[in-house]
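The values are calculated or read from the model by the stated rules, or taken from the named source; none is laboratory data. Every value quoted in this text rests on a predicted model; they were computed, and no experiment measured them. No Cβ is skipped: glycine too gets one built from the backbone with ideal geometry, and neighbour counts run over all protein chains shown. Only protein heavy atoms, including side chains, enter the accessible area calculation; ligands, DNA and RNA are left aside. Shrake-Rupley method; radii C 1.70, N 1.55, O 1.52, S 1.80 Å.
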Amino acid sequence: MDFSEGFLWGAATAAYQIEGAAKEDGRGPSIWDTFSHTPGRVYRGDTGDIACDHYHRLEEDLDLMAEIGLRAYRFSVAWPRVQPEGSGPANQKGLDFYRRLVAGLRERSIEPMLTLYHWDLPQALEDRGGWTSRQTSERFAEYAALVYEALSDSVSYWITLNEPWVSAWMGYGLGVHAPGRRSTADALAATHHLLLGHALALEAMRSSDNGNRLGITLNLSPVRAASSEPADAEAARRVDGNANRLYLDPLFRGSYPQDVLEHYRAASDLSLVQEGDLQRIAAPIDFLGVNYYIRHTVRATVGGGTRELPTGMRFADLGAETVLPEGVQTTAMGWPVEPDGLTEILVRVKKEYRDLPVFVTENGCAVYDYVDPEGDVDDVERVSYLEEHFRAAQAAIERGVDLRGYMVWSLLDNFEWAEGYSKRFGLVFVDYGTQRRIPKASARWYAEVIRRGGVGT
Ligand code: FCB
């Protein structure tokens with residue numbers, strides 16, 4: 001068995017996707033409240049107003065985690081609960097919720113892993129430019145300092161940002177996520193200010209040296225060309241530049257990839273990057289969080305426009321589209337199931353960037369789950385998906401990757417962003433009308449994996 005004794009087997013969630021209680025205890029509006037309440041933005045007009053009502057069902061959900069035997073739980077703090085207007089002193093009632101959550105985890109010997117930003121920017125900051133404004137990076141560092149002051153004694157693992165690619169490109173470039181802007185220049189500005197925000201937050205947290213571990217989570221996708229045609233190889237390089245290198249290079253090398261900058265030159269010259277920014281962004285992190293869902297198989301498209309892709313991923317202005325490799329199964333999201341892509345990306349980070357502690361901070365799949373007449377949810381697809389991905393993680397460890405833990409997405413079925421409640425990712429089924437929780441077959445299977453320390457050979 002290659003998973004060590006202390007391996008952090010866990011599950012993940014995010015604030016807006018599960019908490020509900022959107023107006024309680026002083027919480028202010030976020031860009032996701034605005035977006036989900038705008039007709040036509042989210043499937044069937046779903047919103048996170050109630051979601052899994054986790055805010056009111058904290059104890060029950062903590063007990064569920066203990067029942068599965070989780071060693072770790074990754075959650076995010078809602079910035080608009082802590083700073084309803086995005087700046088100023090902390091709203092103590094907002095922080096209290098997370099104090100209770102962390103205390104409840106500690107009582108159950110579950111290691112908390114805290115994400116500061118999982119996409120719920122206070123609307124007041126979006127009104128002043130959002131992530132296209134450098135001031136948002138500064139506000140983010142102030143917010144990080146407030147949360148750190150409240151919880152640094154009881155939380156050891158800190159993640160600044162979740163998936164800056166998604167925030168920048170889905171939110172500002174393609175407009176399919178909040179705040180719904182469609183501008184390549186805005187997506188590039190958001191990319192830089194998110195990374196700068198990460199850097200400033202890290203500096204703010206590092207000023208108190210208490211041995212906590214600080215990192216960032218990226219969604220990484222290996223990219224392959226669909227054929228040996230040079231045009232497809234070029235398209236794959238462009239997609240890799242946008243999806244992976246645009247984030248890995250600044251964080252680990254202190255520079256943006258030249259080919260990506262050149263490709264976008266007409267949209268933006270990135271003159272907003274100031275002297276010293278990149279050195280700060282490249283400051284050492286204690287671990288990297290990797291969210292793995294998808295490998296891209298890419299071919300060139302004629303014309304450079306924005307395309308909607310069959311795999312649910314989209315790229316702006318790249319002249320590229322993804323195809324489904326032959327014989328590959330897809331999940332309910334339409335995403336191809338390619339577990340060896342996880343091994344591939346983890347080994348690449350180690351070889352091409354840095355050999356550092358890594359966590360899979362998200363991996364999982366959407367299944368067309370339902371409660372059968374016996375009252376069970378037999379999600380056999382999820383069990384085999386996870387089993388194959390755990391083996392792929394094991395293969396990465398065998399190849400020397402310093403993998404320290406694995407957070408399954410997700411603990412609960414939840415608000416899947418633009419897909420609303422139509423896509424279920426949970427180990428635990430949520431009947432939204434009654435808020436009843438029903439552990440799926442995968443939850444029982446995962447409990448056994450954790451107990452045995454792996455999937456065996
Ligand atoms: C990731 C998000 C997470 C969830 C999964 C399915 O991109 O970080 O919140 O929606 O996808």
Worksheet, complete the sentence: The value for segment 24-168 (convex hull of the alpha-carbon atoms, volume per residue, Å³) is 122
Worksheet item: Which whole-number value in Å² is the accessible area per residue of the chain, probe 1.4 Å?
Response: 37
Worksheet, complete the sentence: Projected area averaged over all directions for the convex hull of the alpha carbon atoms of the chain, nm², comes out at 20.4
Worksheet entry | Centre separation in Å (Cα based) which lies between segment 8-56 and segment 106-170 | 16
Discussion item. Given an 8 Å cut-off on Cα distances and at least 6 residues of separation, report the relative contact order of segment 313-457 as a percent.
Written reply: 24
Discussion item. Counting only protein heavy atoms and a 1.4 Å probe, tell me what percentage of segment 160-247's accessible area is made up of carbon and sulfur.
Written reply: 47
Response to the item:
With the dipole of segment 175-280 defined by +1 on each Lys or Arg Cβ and -1 on each Asp or Glu Cβ, the option from Ala185, Gln274, Leu196 whose Cα lies farthest towards the positive pole is Leu196
Response to the item:
The size of the Cβ-based charge dipole (Lys, Arg +1; Asp, Glu -1) of segment 63-142 about the Cα centre, to the nearest 20 debye, is 160
Worksheet item: Ser384 accessible area, nearest 10 Å², 1.4 Å probe?
Response: 50
Worksheet item: Which values, in whole Å and largest first, are the semi-axes of the equivalent ellipsoid of segment 237-298 obtained as the square root of 5 times each eigenvalue of the Cα gyration tensor?
Response: 21, 19, 7
Worksheet item: Across bins of 5 angstrom width beginning at 0, how are the C-alpha pair distances of segment 8-75 distributed, in whole percent?
Response: 4, 15, 22, 21, 15, 12, 9, 2, 0
Discussion item. I'd like the GluC sites (Glu not before Pro) in segment 112-181 restricted to DSSP loop residues with at most 13 other Cβ atoms within 10 Å, sorted by number.
Written reply: none
Worksheet entry | Per-bin percent of Cα-Cα distances, segment 184-297 [10 Å] | 13, 40, 32, 13, 2, 0
Discussion item. If you consider only alpha-carbon coordinates, what radius of gyration and Dmax does segment 71-124 have, in Å?
Written reply: 12.2, 37
Worksheet item: Carbon and sulfur atoms: what percent of the 1.4 Å accessible area of segment 1-101 do they account for?
Response: 50
Discussion item. Using helices alone, I'd like the mean residue ellipticity at 222 nm for the chain: each DSSP H run of four-plus residues gives -39500 (n - 2.57), total over residue count, nearest 500.
Written reply: -10000 deg cm²/dmol
Worksheet item: Does segment 311-450 come out rounded, prolate or oblate, given a ≥ b ≥ c as the square roots of the eigenvalues of its C-alpha gyration tensor, rounded meaning a/c under 1.5 and, failing that, prolate meaning a/b above b/c?
Response: oblate
Worksheet entry | Portion, in percent, of the accessible area of segment 332-457 that falls on carbon or sulfur, probe 1.4 Å | 49
Discussion item. Restricting to DSSP loop positions (anything but H, G, I, E, B) with no more than 13 other Cβ atoms inside 10 Å of their own Cβ, which trypsin sites (Lys or Arg not before Pro) remain in segment 368-420?
Written reply: Arg399
Response to the item:
For segment 208-220, Karplus-derived ³J(HN,Hα) couplings (6.51, -1.76, 1.60; θ = phi - 60°; whole Hz; x for glycine and proline) come out as 10, 8, 10, x, 6, 9, 10, x, 9, 10, 10, 8, 10
Fill in: Rounded to whole Hz, the Karplus (6.51, -1.76, 1.60) HN-Hα couplings of segment 73-86, x for glycine and proline
9, 9, 9, 10, 8, 7, 3, x, 7, 7, 10, x, 9, x
Fill in: Value of relative contact order over the chain, rounded to a whole percent, pairs C-alpha under 8 Å and six or more apart
18
Worksheet item: Sequence-distant or interchain residues sharing an amide H contact under 5 Å with Gly289, placed H: which?
Response: Ile216, Thr217, Leu218, Phe359
Worksheet, complete the sentence: Counting sequence-distant residues (5 or more places) and residues on other chains, those with an amide H built under 5 Å from that of Thr115 are Phe75, Ser76, Val77, Ile159
Practice prompt. Determine which lysines satisfy two conditions relative to Lys23: a Cα distance under 20 Å, and not lying fewer than 8 residues away in the same chain.
Written response: Lys93
Discussion item. List the trypsin sites (Lys or Arg not before Pro) within segment 225-273 that DSSP assigns to loop and that have no more than 15 neighbouring Cβ atoms inside 10 Å.
Written reply: Arg265
